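Trainee: Below you will find the structure I want to go over with you.
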Amino acid sequence: MQGSENGDGKPNATISRSAFMGGLGTAGALLATGCNTPQATTAAASRNSAAAVVSGDARKIAQARGLMPADVAAALKTYVPSGKTDDYYMFASGGHSGQVLVIGVPSMRLLKVIPVFTPESYGGWGYSSGSRDVLKAGAVDGTVITHGDTHHPTFSETGGDYDGRFFFINDKVNARVAVIDLRDFECKQIVKNPLTLSNHGVCVTPNSEYVVESSHYGMPVGWKTSDVTKEAYRKRFRGSQTYWKFDAAKGRIDPERSFAVELPPYWQDILDAGKLGSNGWTFTNSIDTELAVPEDWHGGPAMEVGASQHDMDFLHLLNWKLAERLVQSGGVSKVNGLAYIPLEQAVKEGVLYLVPEPKSPHGVDVTPDGKYVVVSGKLDPHVSIYGFTKIQQAIAKGHLRRDSYGVPIVAFEDALVAQVKVGLGPLHTQFGGDGHAYTSLFLDSAVARWTLGDDSGKGWNLLETLPVQYNVGHLAAPHGDTVHPRGGYVVALNKWSLDRFLPVGPFYPRNLQLIDNTGEKMQVLYDMPIGMAEPHYAQIIDTKLLKPIDVYPKNTDVFTMAADPKAPVFGKEGTFDRGDHIVVEMSMMRSEFRPDVVRVKRGSRVVWRLNNVETAKNAIHGFALSKYNISLSLEPGKVEAIEFVADEPGVYPYYCTDFCSALHLEMMGYLVVA
Ligand code: CUK
Ligand code: CUA
């Protein structure tokens, strides 16, 4: 029994965290002996405090609650005492809530909801002028979109590992990508793809040169057509892969320096970027090489049947460094303002290749060493492992057959290194710090753990599978898709929870399960309900890499992260008539608004600037104005503005929405419209 070294009742000060994590027996010993010896964790401090817990009382509690030794071990592994913090941040997509969730690991405590694509009144997102501008930049043909379907979160990387600086997430339903600055955990930019209305995969290249977005459903380029026959689909519908240039100094995507590569309309799906030896390439799978269209367009079978006829779909291999050189040499045209490499040119220049991949593929993940690409097909019980070297050799050899669009196809046998039979419905793969790979099994509701082998095809073996509850989608592991996975945990992001939680009506919580992967056998430690939309993917980052600011410097405009030249000046507040509009300059502090009365004439356009002049951590003030649909959140040092027309005479209270002090309820004022 692992951990039994503690069973002799002697303190074991040298036991490592990972040994502790692996030791179910530690808790077993705890229950069996009820001893007073310190059980180990990393910190010396917690080693001492553990002594108090590990007593006869703990045993009594466990017995009274009917806990098994494994339950107690799980509790000890996930419990983060009051006042202590977690080892990792998990950033999870918020699914079709359009937001991003920040969760502590291993405690699985929700730390923050970052508003992104959807207005969120707690953060003033979509109400302040600055955030409205961000949402407006993501408008589709002039329509400001107030929702999103977030799937694939991605940290910025340096050298193939997360660098803790920025975070990106896609909106599947309108083909948009958002940038979040990890200095303040706030969304700063949304870009709309001008080629398509639906995307799916998003990843970054190893030094965040590009945020890469794959289109999803086949679309006429620019979506403005009503020619929807089967023939039109083949001829004029296309996929695309967009390489959004990321300017890390500015913290923004630069559409001027971005480009796209045209692809056949195969419904490109998830993608991943090559790393180390395979850096310079991206790998994108696809699911509708049948070119199926709705029955109505040609009288064929239903879409889901039509799109699942082939035994193989295509993995797309894109040489983005070559594409970048083409763009930089000025040899490409523009479509809807974006530099664009048409399919024919991509083929001619050797930018694009295909490799067949088994039935209805979904996940594609590059191994930490960059040597292999792991593909899983929903309707094939294997993960297929392609060798980057083998692919390059096949390309160099030439004589490749082509698809109906003329794209060269590397033969499956020439690219394949191994297949591991993992179970039913394999979707997504992550890599653990233990050198193993972890694949989610949607149909089996399980996680498969398997070993990585070599080019000869040896060493690729299934180790074990662990049931999870239920219908797992993605997995997330600490730095689990980088060159340097940290290990310790795997989180299963499950679609269904069925019997896991108290009933809350027909909308069941989604279930995130924390798994310990440090032992011989994996163990589910914790079920975390998500009381909103389904998080698809999440990434987990070492907390040491993030250095968020706790107070904005004075007068900060959070969209430039610099002092706002128009910030209201403390002591010079007031209401000023500027001819065609009224300017309100307001300071906020505990526990007052200055001014506390704002008088304007009916019909005035009002530009209201607010400055939280506090410098103390956590001294947040909200601002809500009755009738005018305004809610703001001003963290200390932040400046924001709102604009509206005061169109009705009356008296409208405004007040602070954050309980900021004992006199918080008195922090209010009146807008008087005469
Ligand atoms: S997808 Cu949802 S479980 Cu958008 Cu990565 Cu596979
Ligand atoms: Cu400020 Cu309450």
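Trainee: Scan (1) more than 16 Å from ligand 1 (Cβ to nearest atom); (2) at pLDDT 95 or above; (3) not aromatic (Phe, Trp, Tyr) for the single condition residue 487 breaks and write down its number.
Mentor: (2)
Trainee: Let me ask something else about it. If residue 465 satisfies every condition in (1) outside any strand (DSSP E or B); (2) open to solvent by 60 Å² or more (accessible area, probe 1.4 Å); (3) under 19 Å from residue 363 (Cβ atoms) but one, which is the exception?
Mentor: Checking residue 465 against (1) outside any strand (DSSP E or B); (2) open to solvent by 60 Å² or more (accessible area, probe 1.4 Å); (3) under 19 Å from residue 363 (Cβ atoms), the one that fails is (1).
Trainee: Still on this structure, I have one more. Only residues that are crowded, with 16+ Cβ neighbours inside 10 Å and either at pLDDT below 95 or charged (D, E, K, R) (or both): list them for the stretch 539-562, please.
Mentor: 542, 554, 557
Trainee: Follow-up. If a residue must be under 33 Å from the mean Cα position of the chain (by Cα) and assigned to a loop (DSSP other than H, G, I, E, B), how many such residues does the stretch 614-633 contain?
Mentor: 8
Trainee: Which one of these is modelled with pLDDT of 95 or more, open to solvent by 10 Å² or more (accessible area, probe 1.4 Å) and within 16 Å of ligand 1 (Cβ to nearest atom): 212, 173, 177?
Mentor: Of 212, 173, 177, the one residue that is modelled with pLDDT of 95 or more, open to solvent by 10 Å² or more (accessible area, probe 1.4 Å) and within 16 Å of ligand 1 (Cβ to nearest atom) is 173.
Matching residues to (1) within 16 Å of ligand 2 (Cβ to nearest atom); (2) under 27 Å from the mean Cα position of the chain (by Cα); (3) at pLDDT 95 or above:
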residue: 283; (1), (2), (3): no, yes, yes
residue: 293; (1), (2), (3): no, no, no
residue: 308; (1), (2), (3): no, no, no
residue: 319; (1), (2), (3): no, yes, yes
residue: 361; (1), (2), (3): no, yes, no
residue: 364; (1), (2), (3): no, yes, yes
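Trainee: Now for a separate question. Among the residues of the stretch 495-538, which ones are closer than 15 Å to residue 74 by Cβ, at pLDDT 95 or above and not polar (S, T, N, Q)?
Mentor: Scanning the stretch 495-538 gives 500, 512, 514, 515, 516, 521, 522, 524, 525, 526, 527, 528.
Trainee: Across the stretch 292-307, what is the number of residues that are assigned to a loop (DSSP other than H, G, I, E, B) and open to solvent by less than 20 Å² (accessible area, probe 1.4 Å)? It would help to see each step written out before you state the result.
Mentor: First pass over the stretch 292-307, keeping only residues assigned to a loop (DSSP other than H, G, I, E, B): 292-294, 299-302, 307.
Keeping just the survivors that are open to solvent by less than 20 Å² (accessible area, probe 1.4 Å) gives 292-293, 300, 307.
Result for the stretch 292-307: 4.
Trainee: Checking the structure you have, find out if any residue of the stretch 504-513 is open to solvent by 40 Å² or more (accessible area, probe 1.4 Å), touching an Asp or Glu at 6+ places or on another chain (Cβ under 9 Å) and not in a loop (DSSP other than H, G, I, E, B).
Mentor: The answer is yes, given that some residue of the stretch 504-513 is open to solvent by 40 Å² or more (accessible area, probe 1.4 Å), touching an Asp or Glu at 6+ places or on another chain (Cβ under 9 Å) and not in a loop (DSSP other than H, G, I, E, B).
Trainee: Any chance you could count how many residues in the stretch 634-670 are in a loop (DSSP other than H, G, I, E, B), within 9 Å of ligand 2 (Cβ to nearest atom) and of a type outside the set (Phe, Trp, Tyr)?
Mentor: 7
Trainee: Can you tell which of 670, 628, 652 is away from ligand 1 (no atom under 16 Å from the Cβ), hydroxyl-bearing (Ser, Thr, Tyr) and open to solvent by 50 Å² or more (accessible area, probe 1.4 Å)?
Mentor: Result: 670 is the single residue among 670, 628, 652 that is away from ligand 1 (no atom under 16 Å from the Cβ), hydroxyl-bearing (Ser, Thr, Tyr) and open to solvent by 50 Å² or more (accessible area, probe 1.4 Å).
Trainee: Which of the following residues is hydrophobic (A, V, I, L, M, F, W, C) and assigned to a strand (DSSP E or B): 228, 212?
Mentor: 212
Trainee: Shifting gears a bit: Which numbered condition in (1) over 13 Å from the mean Cα position of the chain (by Cα); (2) surrounded by 24 or more Cβ atoms within 10 Å (Cβ to Cβ); (3) polar (S, T, N, Q) is the only one that residue 154 fails?
Mentor: (1)
Trainee: Further question on the same structure: Given the conditions (1) touching a Gly at 6+ places or on another chain (Cβ under 6 Å); (2) modelled with pLDDT of 95 or more; (3) open to solvent by 20 Å² or more (accessible area, probe 1.4 Å), which single one is not true for residue 353?
Mentor: Here residue 353 meets the rest and fails (1).
Trainee: Then there's this: Could you run through the stretch 468-484 and say how many residues are within 16 Å of ligand 1 (Cβ to nearest atom) and outside any loop (DSSP other than H, G, I, E, B)?
Mentor: Residues flagged as within 16 Å of ligand 1 (Cβ to nearest atom) and outside any loop (DSSP other than H, G, I, E, B) within the stretch 468-484 amount to 5.
Trainee: Since residue 312 meets every condition but one in (1) more than 19 Å from residue 415 (Cβ to Cβ); (2) surrounded by fewer than 24 Cβ atoms within 10 Å (Cβ to Cβ), which condition does it not meet?
Mentor: Every condition holds for residue 312 apart from (1).
This table checks each residue for (1) out of contact with any Asp or Glu (no Cβ under 7 Å at 6 or more places or on another chain); (2) modelled with pLDDT under 95.
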| residue | (1), (2) |
| --- | --- |
| 412 | yes, no |
| 415 | yes, no |
| 421 | yes, no |
| 430 | no, no |
| 433 | yes, yes |
| 436 | yes, no |
| 445 | yes, no |
| 466 | yes, no |
| 471 | yes, no |
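Trainee: May I pose another question? Check off (1) open to solvent by less than 20 Å² (accessible area, probe 1.4 Å); (2) of a type in the set (S, T, N, Q); (3) free of Cβ contacts under 8 Å to residues at least 40 places away in the same chain for residue 333 and give me the number that stays unchecked.
Mentor: (1)
Trainee: Being closer than 20 Å to residue 344 by Cα, of a type in the set (Phe, Trp, Tyr) and in contact (Cβ under 8 Å) with a residue 60 or more places away in the chain is the filter; apply it to the stretch 222-278 and report the residue that is surrounded by the most Cβ atoms within 10 Å (Cβ to Cβ).
Mentor: Step one: filter the stretch 222-278 for residues closer than 20 Å to residue 344 by Cα, giving 222, 231-243, 258-268.
With the extra rule that they be of a type in the set (Phe, Trp, Tyr), the set shrinks to 233, 237, 243, 259, 266-267.
Still in the running and in contact (Cβ under 8 Å) with a residue 60 or more places away in the chain: 233, 243, 259.
Numbers: 233: 21, 243: 25, 259: 23.
Looking at the filtered set, the residue picked out is 243.
Trainee: Provide a single number: the residues in the stretch 377-393 that are surrounded by 21 or more Cβ atoms within 10 Å (Cβ to Cβ), in contact with a Gly (Cβ under 8 Å, 6 or more places away or on another chain) and either at pLDDT below 95 or over 20 Å from residue 438 (Cβ atoms) (or both).
Mentor: Looking only at that region, the number is 1.
Trainee: Return yes or no: is residue 202 in contact with an Asp or Glu (Cβ under 6 Å, 6 or more places away or on another chain), at pLDDT 95 or above, outside any loop (DSSP other than H, G, I, E, B) and within 16 Å of ligand 1 (Cβ to nearest atom)?
Mentor: Working: in contact with an Asp or Glu (Cβ under 6 Å, 6 or more places away or on another chain): yes; at pLDDT 95 or above: yes; outside any loop (DSSP other than H, G, I, E, B): yes; within 16 Å of ligand 1 (Cβ to nearest atom): yes.
Yes.
Trainee: Looking at 573, 585, can you tell me which residue is free of Cβ contacts under 8 Å to residues at least 60 places away in the same chain and away from ligand 2 (no atom under 16 Å from the Cβ)?
Mentor: Result: 585 is the single residue among 573, 585 that is free of Cβ contacts under 8 Å to residues at least 60 places away in the same chain and away from ligand 2 (no atom under 16 Å from the Cβ).
Trainee: Could you look through the stretch 399-434, keep only residues that are open to solvent by less than 40 Å² (accessible area, probe 1.4 Å) and over 28 Å from residue 265 (Cβ atoms), and pick out the one that is nearest to ligand 2 (Cβ to nearest atom)?
Mentor: Within the stretch 399-434, the match that is nearest to ligand 2 (Cβ to nearest atom) is 430.
The values are calculated or read from the model by the stated rules, or taken from the named source; none is laboratory data. Given the structure is predicted, the values throughout are model-derived calculations rather than measurements. Here Cβ is always computed from backbone atoms with ideal geometry, including for glycine, and neighbour counts include all displayed protein chains. We work out accessible area using only protein heavy atoms, side chains counted, and drop any ligands, DNA or RNA first. Shrake-Rupley method; radii C 1.70, N 1.55, O 1.52, S 1.80 Å.
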